[in-house]
Amino acid sequence: MKHLPLVAALALIAGAAQAQPTMSQNPPTKTTLCLDVSGAIIPPVCHRPASRVDQREDICLCSAGGTQVDAPVCGPGERPPAESRAFENARRDAARDGTLFGDTWEGQRMCVNITKGR
């Protein structure tokens, strides 16, 4: 019984490692957004390798507030929808399940271009 806290801590660490699949993907296919109640983006705090070539993220946190949401990274030549009040409302509604994967707005995927910021 005295090893129970150690086992719980190891399980927590293993769960956190599984929640970050982008570590093995370069270029990444997933990123993290932080959305405020209106659907506007709040910049997350992400830890990345010290390389311009390697765009993978170790872990992202919404330390400035907002709801943490998984979002697909835009593919080569793909652009994210233009930011507007209508898009923010649609993104807010789409993010209620914690992800923007599979969500579109005006025929475009709700993806994020990580090379030009969020």
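For this structure, a couple of remarks:
- Condition check for T104: open to solvent by less than 60 Å² (accessible area, probe 1.4 Å) and modelled with pLDDT of 95 or more: no
- Verdict on D54 being at pLDDT below 90 and exposed (fewer than 13 other Cβ atoms within 10 Å of the Cβ): yes
- Residue satisfying condition, being of a type in the set (G, A, S), open to solvent by less than 60 Å² (accessible area, probe 1.4 Å) and at pLDDT 85 or above, within set G117, G98: G98
Here is a yes/no grid of residues against (1) under 16 Å from G39 (Cα atoms); (2) of a type in the set (A, V, I, L, M, F, W, C); (3) touching a Lys or Arg at 6+ places or on another chain (Cβ under 8 Å); (4) not in a loop (DSSP other than H, G, I, E, B):
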{"site": "S63", "(1), (2), (3), (4)": "no, no, no, no"}
{"site": "D70", "(1), (2), (3), (4)": "yes, no, yes, yes"}
{"site": "P76", "(1), (2), (3), (4)": "no, no, no, no"}
{"site": "A82", "(1), (2), (3), (4)": "yes, yes, no, no"}
{"site": "F87", "(1), (2), (3), (4)": "yes, yes, no, yes"}
{"site": "R91", "(1), (2), (3), (4)": "yes, no, no, yes"}
{"site": "G102", "(1), (2), (3), (4)": "no, no, no, no"}
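- Single residue of region 60-95 satisfying the filter (hydroxyl-bearing (S, T, Y) and within 14 Å of the chain's Cα centre (by Cα)) that is modelled with the lowest pLDDT: S63
The values are calculated or read from the model by the stated rules, or taken from the named source; none is laboratory data. Owing to the predicted nature of the structure, the values given are computational and were not obtained by experimental measurement. When we count neighbours, we look across all protein chains shown, and the Cβ atoms used for this are built from the backbone with ideal geometry, even at glycine. Quick note on the areas: whole protein, heavy atoms, side chains included, nothing else; ligands and nucleic acids left out. Shrake-Rupley method; radii C 1.70, N 1.55, O 1.52, S 1.80 Å.
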